[in-house]
Amino acid sequence: MQERRSLERRDLVYYLRVFDRSKDQLLGYVANISTEGVMLIGEKPIEPNTSYDLKMHLPIEIRGRRHLELEASSRWCRRNGSNELFTTGFKLSDAEPDDLDTIRHICSNPTLHSREAFTGKRLFDILASFFGLLFLLPIYLLISLATKLASPGPAYFAAKRVGKFGKLFLMYKFRTMTDSPGGTGPNITAHDDPRVTSIGRFLRLTKLNELPQLFNVLRGEMSFVGPRPEYPEFVAHYTPEQREVLSVKPGITSLATISYAGEEKMLSFSGVTDTYLRNILPDKLRLDLLYVRNRSLLLDL
């Protein structure tokens, strides 16, 4: 396969899921495409010299289609530097030039996103965030003043987070620390974090520090309900399956947020990042995937 390259899971910000059309079985995720075929990353080895009917799910509707159906045969299979992932090369036999262009464009544009449809969910987000900002303005001013009096620095804190289709955006919070996360310490906060200010502990306990995210909702970067957005360095650890949470807008609250409302009490400042990645993030992503695959306005409510 021309221009064949190895691709670790952390490089897949978004992906095409590829299924065996005859069995509707997930084979893997498109990692690369050339003039001869495609390269997939999958959890299981695929035997070489085997013919398949492939069905590729597209992240957005293109030319009125949400998936491509192709015939292909596997050419090789090898471990992708991991005991968990395998890289497989497929030769396509019935692909049209438009099909190849579509797949290549998506794979080369990990932040691909379409014009958002104006749905009932988006209408609710706009109205609720607008009136929320309007009526909560006195609370914003009071918290801003208390934050600045408690310790030197700005009242607000903005951090880069990964949004829908892997697009980076700035998520806003009221500042609760003497130092910004990632500046001189970890990006995760524990119950004994020495950086948290006195007013900051109250804001974190009551979740009032999250109120500025109404700006993110109004701007269309977030929704009221959806998977909580993570720092890019945490998203780098997602498996291909877990990256499905990037197919929807992140939210202020989620099933995982409710389940882990007391997350900080479960963490200690010493080794907080490793503990979070090993013990908490996988279960939060499991709940986020459950939401993504069953989402509805009723579930949001």
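The values are calculated or read from the model by the stated rules, or taken from the named source; none is laboratory data. What you see is a predicted model, and the numbers here were worked out from it, not measured in a lab. We place every Cβ from the backbone using ideal geometry, glycine too, and count neighbours over all the protein chains shown. Side chains are part of the model used for accessible areas, which takes the heavy atoms of the whole protein and leaves out ligands, DNA and RNA. Shrake-Rupley method; radii C 1.70, N 1.55, O 1.52, S 1.80 Å.
Would it be correct to say that SER144 is among the hydroxyl-bearing types (Ser, Thr, Tyr), farther than 21 Å from ALA261 by Cα, touching a Phe, Trp or Tyr at 6+ places or on another chain (Cβ under 9 Å) and open to solvent by less than 60 Å² (accessible area, probe 1.4 Å)?
On the way: among the hydroxyl-bearing types (Ser, Thr, Tyr): yes; farther than 21 Å from ALA261 by Cα: yes; touching a Phe, Trp or Tyr at 6+ places or on another chain (Cβ under 9 Å): yes; open to solvent by less than 60 Å² (accessible area, probe 1.4 Å): yes.
Spelling it out, SER144 is indeed among the hydroxyl-bearing types (Ser, Thr, Tyr), farther than 21 Å from ALA261 by Cα, touching a Phe, Trp or Tyr at 6+ places or on another chain (Cβ under 9 Å) and open to solvent by less than 60 Å² (accessible area, probe 1.4 Å).
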Handout entry: Selection count where residues are open to solvent by 10 Å² or more (accessible area, probe 1.4 Å), in contact with a Phe, Trp or Tyr (Cβ under 7 Å, 6 or more places away or on another chain) and in a loop (DSSP other than H, G, I, E, B), scope region 212-235
Key = 1
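Taking region 182-211, which residues are assigned to a helix (DSSP H, G or I), open to solvent by less than 10 Å² (accessible area, probe 1.4 Å) and small (Gly, Ala, Ser)?
Initially, region 182-211 is screened for residues assigned to a helix (DSSP H, G or I), giving 198-206, 208-210.
Narrowing further to those that are open to solvent by less than 10 Å² (accessible area, probe 1.4 Å): 200, 203, 209.
Once the filter is applied, which keeps residues that are assigned to a helix (DSSP H, G or I), open to solvent by less than 10 Å² (accessible area, probe 1.4 Å) and small (Gly, Ala, Ser), region 182-211 yields only GLY200.
Please determine, by comparing only the residues of region 236-255 that are part of a helix (DSSP H, G or I) and among the polar types (S, T, N, Q), which one is farthest from PHE165 (Cα to Cα). Reasoning before the result, please.
Taking region 236-255 as the starting set, the residues that turn out to be part of a helix (DSSP H, G or I) are 242-247, 255.
Now narrow it down to the ones that are among the polar types (S, T, N, Q): 242, 247.
Values: GLN242: 13, SER247: 6 Å.
So, considering only residues that are part of a helix (DSSP H, G or I) and among the polar types (S, T, N, Q), the one farthest from PHE165 (Cα to Cα) is GLN242.
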Handout entry: In region 147-166, residue surrounded by the fewest Cβ atoms within 10 Å (Cβ to Cβ) [restricted to those that are in a loop (DSSP other than H, G, I, E, B) and touching a helix residue (DSSP H, G or I) at 6+ places or on another chain (Cβ under 9 Å)]
Key = PRO154
Problem - Those residues of region 256-280 which are in contact (Cβ under 8 Å) with a residue 40 or more places away in the chain, open to solvent by less than 30 Å² (accessible area, probe 1.4 Å) and in a helix (DSSP H, G or I), in sequence order - result: VAL272, TYR276
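Specify which of the listed residues (GLU84, GLU61, GLU3, GLU96) is closer than 27 Å to GLU233 by Cβ, open to solvent by 80 Å² or more (accessible area, probe 1.4 Å) and at pLDDT below 85.
The match here is GLU84.
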Practice task
Give me a count of the residues in region 116-132 that are under 24 Å from ARG243 (Cα atoms), open to solvent by 60 Å² or more (accessible area, probe 1.4 Å) and either assigned to a strand (DSSP E or B) or modelled with pLDDT of 80 or more (or both).
Solution key: 2
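Scan region 33-47 for residues that are buried (at least 21 other Cβ atoms within 10 Å of the Cβ) and modelled with pLDDT under 75 and jot them down. Before the answer, list the steps.
Applying the first criterion (buried (at least 21 other Cβ atoms within 10 Å of the Cβ)) to region 33-47 yields 33, 37-41.
The answer is ILE33, and nothing else.
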Problem - Contacts under 8 angstrom Cβ, first residue in region 86-115 being within 23 Å of ARG243 (Cα to Cα) and part of a loop (DSSP other than H, G, I, E, B), partner of a type in the set (D, E, K, R) and modelled with pLDDT under 80, 6 or more apart - result: SER114/GLU61
